[in-house]
Amino acid sequence: MAAGSLKRRQSKRSNSKPSIVMPSRPSHQSFLAHRTTALLLFISLIFFAVLVSGISLNVLRRSPKYEVQSPMIYSIEVVNEFPHDPRAFTQGLVYVENDTLFESTGLYGQSSVRKVALSTGKTEVLHKMDDSYFGEGLTLLGERLFQVTWLKKTGFIYDQDNLNEVKEFTHQMNDGWGLATDGKILYGSDGTSTLYQIDPETFIVTNKWVVSYQGDEVHNLNELEFINGEVWANVWMTDCIARISVRDGGVLGWVLLPTLRRKLLQEGKRIDVLNGIAWDSGKNRLFVTGKLWPKLYEIKVQPSNEHYGDEKIKQLCLREPITF
């Protein structure tokens, strides 16, 4: 410390005791005035804090991290058309390597599992099911094909090479409609709004979600496919595919495909509804078809240029639950 500073500090000390002046007691009116001023100041500070917090929260809500995104609406572009057996009541569709598909077909007395050549639509291997079963969803896990059946809790496992039946199993869904896999577990649908996660060894349901869109349940979930971390589901009796989050069952987007069915009808084809999704993960190719459709389509999905409000999407893609 500099000497000058030390001297100045020492000069402030005095050996003499300072005289103490007692403050006069404030009047009652003065006390009330001070109290009122302090209260108003406190209220002003609270209001300012709330205002700042509200502004900050709105800024956060508008920021990309916190923004609530509406489900995307997608249209399609047809890349290729392939022949498809017009007698196949398609219930499940799976792409495997070397331009080969596996397909599950329905109807009593006509149900089957078949190996199909993509380019020609010809059936290369066919396993006809017992007439008491109505074939439904199909998926490939490892070297085994898994299939469920309509109105039953019975499913079958097949060898992918020769389609010989390896095992029969019982699942815990209310019914058998769709199947898909991420390579480790199975995802299943039973025609309700529930998406199931199933252990492929025990067939116990390990998790399930109610699939919803803007607060409404998406009923009639049908054929399934696992694509890039999402489950894609045909909604029965619509031209819509729902892209579903496997974290909470929310709809991430809608793929609208009405042009495919309309074109076939305009050509005079006698067809049933859209059903069948297959994904070629190696070449990022997406295939769709329908029940009794004479064609199978390779499509590209792109954000729609047309504006669809929530009510319009609900009208196109949501249906009331159906019981059998």
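All of the numbers you see were taken from the coordinates with simple rules; none came from a lab. Keep in mind it's a predicted model, so treat the numbers as computed, not measured. When we count neighbours, we look across all protein chains shown, and the Cβ atoms used for this are built from the backbone with ideal geometry, even at glycine.
Scanning residues 5 or more positions from TYR74 or on other chains, those with amide H under 5 Å from its amide H are TRP254, VAL255, LEU256, SER304, with H placed 1.01 Å from N in the peptide plane.
Listed from fewest to most Cβ neighbours within 10 Å, the set PHE156, PHE146, PHE169, PHE324 follows the order PHE324, PHE169, PHE156, PHE146. Subtracting the Cα-Cα distance of LYS312 and ASN228 from 0.36 nm times their residue separation leaves 27.5 nm of extension gain. Among THR238, THR149, sorting on how many other beta-carbon atoms sit within 10 Å of each Cβ, with the fewest leading, yields THR238, THR149.
Can you tell me which of 255-262, 274-281, 175-182 comes out highest on packing, and rank the rest after it, using the mean Cβ neighbours within 10 Å? Present the calculation step by step, with values, prior to reporting the outcome.
Values: 255-262: 17.9, 274-281: 21.8, 175-182: 24.5.
The peptides rank, most packed first, as 175-182, 274-281, 255-262.
With just the Cα atoms defining each centre, how far is the range 157-209 from the range 67-131? Give it in Å. Cα centroid to Cα centroid, the span is 18 Å.
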